[in-house]
1. For region 42-72, how many residues meet the condition of being within 15 Å of the chain's Cα centre (by Cα) and exposed (fewer than 13 other Cβ atoms within 10 Å of the Cβ)?
2. Go over the candidates Gly34, Gly75, Gly96 one by one and state the one that is at pLDDT 80 or above, on the phi > 0 side of the Ramachandran plot and surrounded by fewer than 16 Cβ atoms within 10 Å (Cβ to Cβ).
3. Of all residues in region 46-76, which are β-branched (Val, Ile, Thr) and under 12 Å from Ile97 (Cβ atoms)?
Amino acid sequence: MKKLLISIFFSICFTIQSVFGFFQTAGQIETKDGVTHLHEVYKIIDTSKLKVDIFYTNQSFARENNTAIVFFHGGGWAYGTPSEFFTTCERYAKMGIITFSVDYR
């Protein structure tokens, strides 16, 4: 589990600029109160699509070296969803931080 989470983290966040360049052309985009919410499938396992939700604003890319926060919901593989952190992701995105909420099951 730890290796999976670390692998996901680095594959998503190795460089914020390259991540943004990749995801900008794919997935669903919603904008609310200046925060862009991007839905993206990052892996398909059999018939399951693992998704990541990305939140950012134009301010998020004003700095060359930016901060990112990745949220993994709890639930012991039995319950819980990435949407638990959407409000928190939006709040940090408004501060200029790029945030991710990851589905891992």
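The values are calculated or read from the model by the stated rules, or taken from the named source; none is laboratory data. All values derive from a computational prediction rather than experimental measurement. Heads up, the Cβs are rebuilt from the backbone with ideal geometry, glycines too, and the neighbour counts pull from every protein chain shown.
1. Count: 1.
2. Working: Gly75 fails: at pLDDT 80 or above; Gly96 fails: surrounded by fewer than 16 Cβ atoms within 10 Å (Cβ to Cβ).
Step by step, each of Gly34, Gly75, Gly96 is checked, and only Gly34 is at pLDDT 80 or above, on the phi > 0 side of the Ramachandran plot and surrounded by fewer than 16 Cβ atoms within 10 Å (Cβ to Cβ).
3. So the first thing to find is which residues in region 46-76 are β-branched (Val, Ile, Thr), and the list is 47, 52, 54, 57, 67, 69-70.
Result: Ile54, Thr57, Thr67, Ile69, Val70.
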